[in-house]
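Engineer: Shown below is the structure under consideration.
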Amino acid sequence: MDKLSKVKGIGPKTELLLNKLGIYEIDDLVTHYPFRYDVLRRTDLKNVTDPEQKIVVDGKVESIPLVIRFRGGANKLNFRLSTPNGMVGVSIFGRAFLKQSLPIGEKIIVIGKYDSSKNIINASDIKFGVLTNQDKIESVYHSTSGLSQKILINAINNALMAYGNCINDNIPKYLLDKYNFLNKKTALNIVHNPPNYDKLKEASMRLKYEELFEFMFKINYLRESNKKNNAGVERKTDKSIDEFVKKLPFELTNDQKAALDEIIKDLSSSTRMNRLLQGDVGSGKTIVAILAMYYNYLCGYQSALMAPTEILAIQHYNNMKELFKDTNVVVELLTGSITKKDKMPIYNDLKNGTINIIVGTHALIQEEVEYNNLGLVVTDEQHRFGVNQRSNLKNKGVKPDVLYMSATPIPRTYALTIYGDMDVSIIKEMPKGRLPVKTKVFNNKEMKDVYKLMEQELINKHQIYVIAPLIEENEELDLTNVYTLRDKMNLIFGNKYKIDIVHGKMKSKEKDLIMGEFKQNIVNILISTTVIEVGVDVSNATMMVIFDANRFGLSTLHQLRGRVGRSSLQSKCLLISDKEDEKRLQIMETCNDGFVISEEDFKLRGSGDLFGTKQSGDMTFKIANLRIDYKILVQAKNDSKEYLLNHDYDNDELKIRLINSIKSD
């Protein structure tokens, strides 16, 4: 679709601000849905007894607004308003610019608090228009500093007005007719400008269905493609991995053994494996994948393990080098930071078969990489890669078997639906010797206790993660950020300990350097955003302190907590929150089971947070919510499969477009 700059009211500055929200095209803009709706209902001022109660009144401006200016640039606007309850005074700070827009007789809506003793409304916001006897529903959007709700709303509505008829409708016409759905332009208009609850529900249902239909079409397409191309390598060997397993410095859990048996059965069959290995943080998925690669080696084939970050790839590489030191398995590392000169011998050894297992990042799928006989592909944190990235690696060998790993525990019912193109193995049982992480919720008044607990860990020569939600100050969100926390920690702990920060906007080399120093115990306190959710295992890190914990979903908190407790040392997780939802956080104090926590997250928040931040890609829905909309998901799954397999629609423009979008993902 056309660029944002074509929309009336979007100049270069606004376009950059929209880009910060992940909005790059008009389609992104019109599907930037409200995250909540505010309901404006007229308040009867005669019944207001609580001066803290939020009130909403409408009326006509009855006096020329008076601007009072204070030192430092502050200002206040005062005027009288005629309301259904009589005349009241209105006072609002910081809105001197509204004076010219408030002539006598102007109809406005005032939101704020009412001081009945002075008959004055201390306003927090002023809107233009009037209230009817029907509730006025207002859309509220996620935004960024410098981009007001008004600018965002105008941009969305201007885009809909000018380009609404050009927006692709991704539901087949026979299904639009079957369910009597609104056309897409109408549905989008209603969702952004809801006239009433019933219309909003109808429009939302239609847009949710479309989003889930597209998603399940992709899943069904991949499943059918796998069926057509499921002829795999049938491995036969007299050798066994039992001896190698016995020499491991730990005993496999029953869940690990069961998952390994399922994988080896897949590898030994003539059907191509397409399996998801799902397990809680710290449950030992990686060793199962390593044993699968060892079995693949015994059968005479190469394996490739692709990780989402360089530091995680290095960690896997080092672990495998240690595990295979007494065998003939040749393990090599290939990442983007390796020089071209050093890559050449790796390329040659991969091509001639000298390397048995290659570990790396997206560098493994570069055009110049050729394999000798790639038989097994393992993708770590599979939801962080696009479909195309996974397919590129999958297609590098002679139809290699594929194993995906994910540390995002979700209920099995949902897993079987959303990962419907894969078989699923689940590891719930934790390895022996691991102590559950002790979790406790604190409020800001108890910070002295938090600092004492932190100091004790540092005295014991242990390390600490400190988590903040944002990188920079945001005027609209009162959140602690990494830089403020760094200054605070330096003030509290002085020069006794080394404190550093890491966040997603850093360059990979800089980030990897700091994470490496933390792993080597050079850095004692690492202050970070959720970038460390999937990161290195630091066995000496025994404490996780999460500020503004109420801002995170339970599943994300559990993923973060999983960064500690990676050894036999007792670890702790401290959740800091001053919000009223501390009861929700208290689930974390009593539960260490990621699957139970994910169920709670489904009940409390829906699916959105289960897959972490926006970078999770495949599983981030804009309007659908898997828990609330599960029935719609199942219907969309069945409808999309019927549409995909019905050859009468093979030349359908929509079907071709959907398939092409999957191929270009």
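Engineer: Determine which single condition residue 258 fails, assuming it passes every other condition in (1) in contact with a Ser or Thr (Cβ under 9 Å, 6 or more places away or on another chain); (2) more than 28 Å from residue 280 (Cβ to Cβ).
Structural biologist: The one condition residue 258 does not meet is (2).
Engineer: Okay, next question. Quick check on residue 158: is it surrounded by fewer than 13 Cβ atoms within 10 Å (Cβ to Cβ) and closer than 20 Å to residue 187 by Cβ?
Structural biologist: Details: surrounded by fewer than 13 Cβ atoms within 10 Å (Cβ to Cβ): no; closer than 20 Å to residue 187 by Cβ: yes.
The answer is no for residue 158.
Engineer: Kindly indicate whether residue 623 is modelled with pLDDT of 85 or more and assigned to a loop (DSSP other than H, G, I, E, B). First the steps, then the outcome.
Structural biologist: Details: modelled with pLDDT of 85 or more: yes; assigned to a loop (DSSP other than H, G, I, E, B): yes.
Here the answer is yes, as residue 623 does meet what is asked.
Engineer: Pick out the one residue from 405, 454, 430 that is among the aliphatic types (A, V, I, L, M), part of a loop (DSSP other than H, G, I, E, B), modelled with pLDDT of 75 or more and surrounded by 18 or more Cβ atoms within 10 Å (Cβ to Cβ). Walk me through it before giving the result.
Structural biologist: Numbers: 405 fails: part of a loop (DSSP other than H, G, I, E, B); 454 fails: part of a loop (DSSP other than H, G, I, E, B).
Being among the aliphatic types (A, V, I, L, M), part of a loop (DSSP other than H, G, I, E, B), modelled with pLDDT of 75 or more and surrounded by 18 or more Cβ atoms within 10 Å (Cβ to Cβ) holds for just one of 405, 454, 430, which is 430.
Engineer: While we're looking at this one, here's another question. If you go through the stretch 7-33, how many residues are in contact (Cβ under 8 Å) with a residue 60 or more places away in the chain and in contact with a helix residue (DSSP H, G or I) (Cβ under 8 Å, 6 or more places away or on another chain)?
Structural biologist: The qualifying residues number 13.
Engineer: I'm checking my understanding of the structure. Among residues of the stretch 624-665 that are in contact with a Phe, Trp or Tyr (Cβ under 7 Å, 6 or more places away or on another chain) and among the basic types (Lys, Arg), which one is farthest from residue 217 (Cα to Cα)? Write out each step before concluding.
Structural biologist: Step one: of the stretch 624-665, the residues in contact with a Phe, Trp or Tyr (Cβ under 7 Å, 6 or more places away or on another chain) are 626-627, 632, 636, 639-640, 643-644, 649, 655, 658-659, 662.
Those left that are additionally among the basic types (Lys, Arg): 627, 655.
Values: 627: 19, 655: 9 Å.
Per the stated criteria, the residue is 627.
Engineer: Looking at 183, 220, which one is closer than 30 Å to residue 422 by Cα, within 31 Å of the chain's Cα centre (by Cα) and modelled with pLDDT of 85 or more? Don't jump to the end; show me each part of the working.
Structural biologist: Details: 183 fails: closer than 30 Å to residue 422 by Cα.
Being closer than 30 Å to residue 422 by Cα, within 31 Å of the chain's Cα centre (by Cα) and modelled with pLDDT of 85 or more holds for just one of 183, 220, which is 220.
Engineer: Could you grab me the full set of residues in the stretch 495-518 that are of a type in the set (Lys, Arg) and part of a helix (DSSP H, G or I)? I'd like the intermediate steps shown before the answer.
Structural biologist: Going through the stretch 495-518, the residues of a type in the set (Lys, Arg) turn out to be 496, 498, 505, 507, 509, 511.
Answer for the stretch 495-518, where residues must be of a type in the set (Lys, Arg) and part of a helix (DSSP H, G or I): 509, 511.
Engineer: Are any residues in the stretch 638-657 at pLDDT below 90 and part of a helix (DSSP H, G or I), and if so, which ones?
Structural biologist: If the condition is that a residue be at pLDDT below 90 and part of a helix (DSSP H, G or I), then 647, 648, 649 are the ones that fit.
Engineer: Identify all residues within the stretch 111-143 that are farther than 27 Å from residue 198 by Cα and among the polar types (S, T, N, Q); write none if there are none.
Structural biologist: 116, 117, 119, 122, 124
Engineer: Being part of a helix (DSSP H, G or I), of a type in the set (A, V, I, L, M, F, W, C), within 35 Å of the chain's Cα centre (by Cα) and surrounded by fewer than 21 Cβ atoms within 10 Å (Cβ to Cβ) is the filter here; which residues of the stretch 229-287 pass it? Don't jump to the end; show me each part of the working.
Structural biologist: Within the stretch 229-287, the subset part of a helix (DSSP H, G or I) is 242-246, 254-268, 285-287.
Remaining after also requiring of a type in the set (A, V, I, L, M, F, W, C): 244-245, 258-260, 263-264, 267, 287.
Pick out the ones that are also within 35 Å of the chain's Cα centre (by Cα) and you get 258-260, 263-264, 267, 287.
Within the stretch 229-287, 258, 264, 287 meet the criteria.
Engineer: A further question follows. Among the residues of the stretch 293-310, write down those that are buried (at least 23 other Cβ atoms within 10 Å of the Cβ) and of a type in the set (A, V, I, L, M, F, W, C).
Structural biologist: Answer for the stretch 293-310, where residues must be buried (at least 23 other Cβ atoms within 10 Å of the Cβ) and of a type in the set (A, V, I, L, M, F, W, C): 293, 304, 305, 306, 307.
Engineer: Follow-up. Got a number for residues in the stretch 131-144 being surrounded by fewer than 13 Cβ atoms within 10 Å (Cβ to Cβ) and over 24 Å from residue 201 (Cα atoms)?
Structural biologist: 0
Per-residue answers, yes or no, for (1) over 16 Å from residue 437 (Cα atoms); (2) surrounded by 20 or more Cβ atoms within 10 Å (Cβ to Cβ); (3) modelled with pLDDT under 90:
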{"position": "515", "(1), (2), (3)": "yes, yes, yes"}
{"position": "525", "(1), (2), (3)": "yes, yes, no"}
{"position": "535", "(1), (2), (3)": "yes, yes, yes"}
{"position": "548", "(1), (2), (3)": "yes, yes, yes"}
{"position": "551", "(1), (2), (3)": "yes, no, yes"}
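Engineer: So, one more: Keeping to the stretch 322-361, report how many residues are surrounded by fewer than 17 Cβ atoms within 10 Å (Cβ to Cβ), in contact with a helix residue (DSSP H, G or I) (Cβ under 9 Å, 6 or more places away or on another chain) and at pLDDT below 90.
Structural biologist: Counting residues in the stretch 322-361 that are surrounded by fewer than 17 Cβ atoms within 10 Å (Cβ to Cβ), in contact with a helix residue (DSSP H, G or I) (Cβ under 9 Å, 6 or more places away or on another chain) and at pLDDT below 90 gives 3.
Residues are listed down the side, and each one gets a yes or a no for (1) basic (Lys, Arg); (2) within 30 Å of residue 3 (Cα to Cα):
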| residue | (1), (2) |
| --- | --- |
| 107 | yes, no |
| 119 | no, no |
| 133 | no, no |
| 136 | yes, no |
| 142 | no, yes |
| 149 | no, yes |
| 174 | no, no |
| 180 | no, no |
| 194 | no, yes |
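Engineer: Search the stretch 440-455 for residues that are on the phi < 0 side of the Ramachandran plot and pair each with any residue that is of a type in the set (Asp, Glu) when their beta-carbon atoms are under 7 Å apart and the residues are at least 6 apart or on different chains.
Structural biologist: Listed pairs, sorted by first residue: 440/589; 441/582; 441/589; 442/449; 443/578; 444/578.
The values are calculated or read from the model by the stated rules, or taken from the named source; none is laboratory data. Since this is a predicted model, take the numbers as computed values, not measurements. Neighbour counts are summed over all protein chains in view; Cβ atoms, including those assigned to glycine, are modelled from backbone coordinates with ideal geometry.
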